[in-house]
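Only one structure is covered here, and it is reproduced in the block below.
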Ligand code: GDP
Ligand code: MG
């Protein structure tokens, strides 16, 4: 006797200012590795990762950028069909938090109307957090975003961020 476990697939995109750690967070989640130095254009690889739930599997198709975010424009196809997004900022970089807000707006305009978004505060292993955490939490609440803290370097919070986002996506939309 065998039973077939249903699998549901979601496209997830990663957004945020250049150098906030998008590719690093993905690498940490997908391969559990961290690199001190990455070429900004490395990425654009799409990862797949499956989360096993009790009675179904969630397959995440995770898209990274190839550095086009530097020009503050991403092709429409990047957003198309995305059910979830991680919008990442660097806790040491206030400007990257302001940019994250712009990415959220852009995504809401260009993307799927039901896209679920997690605002991600990355690089929490570093000292001197310049972005006010309470302000970020408040912004996330007001805009119906999840709020997650991560370090791609230590791995803290990374898996949790993806799983929370995946679970927040309605199964049928
Ligand atoms: P991206 O341009 O947003 O894809 O950023 P990258 O993933 O290329 O990372 C930019 C730089 O930040 C690289 O030197 C990474 O090693 C570093 N970095 C990324 N995440 C973290 C982190 O959580 N902690 C620390 N200390 N450095 C990080
Ligand atoms: Mg990158």
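Read the figures in this text as sums done on the coordinates, not as results from a lab. Fair warning: this is a prediction, and the values are worked out from it, not measured in the lab. Cβ: placed from backbone, ideal geometry, glycine included. Neighbour counts: every protein chain shown.
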Subject >> Close pairs (7 angstrom Cβ cut-off, 6 or more residues apart or separate chains): within 16 Å of residue 156 (Cβ to Cβ) and touching a residue at least 24 places away in the same chain (Cβ under 8 Å) in region 110-130, part of a loop (DSSP other than H, G, I, E, B) and more than 16 Å from ligand 1 (Cβ to nearest atom) anywhere >> reply: 118/145
**OP:** Starting from region 147-158, take each residue that is part of a strand (DSSP E or B) and list its partners that are within 15 Å of ligand 2 (Cβ to nearest atom), counting only C-beta distances under 7 angstrom and pairs at least six apart or across chains.
**Re:** 148/120
Original post:
In region 116-134, what residues are in contact with a strand residue (DSSP E or B) (Cβ under 6 Å, 6 or more places away or on another chain) and away from ligand 2 (no atom under 16 Å from the Cβ)?
Top reply: 116, 117, 118, 119, 121, 124
**OP:** Would you mind finding the one in 39, 105 that is more than 30 Å from residue 4 (Cβ to Cβ) and within 16 Å of ligand 1 (Cβ to nearest atom)?
**Re:** 39
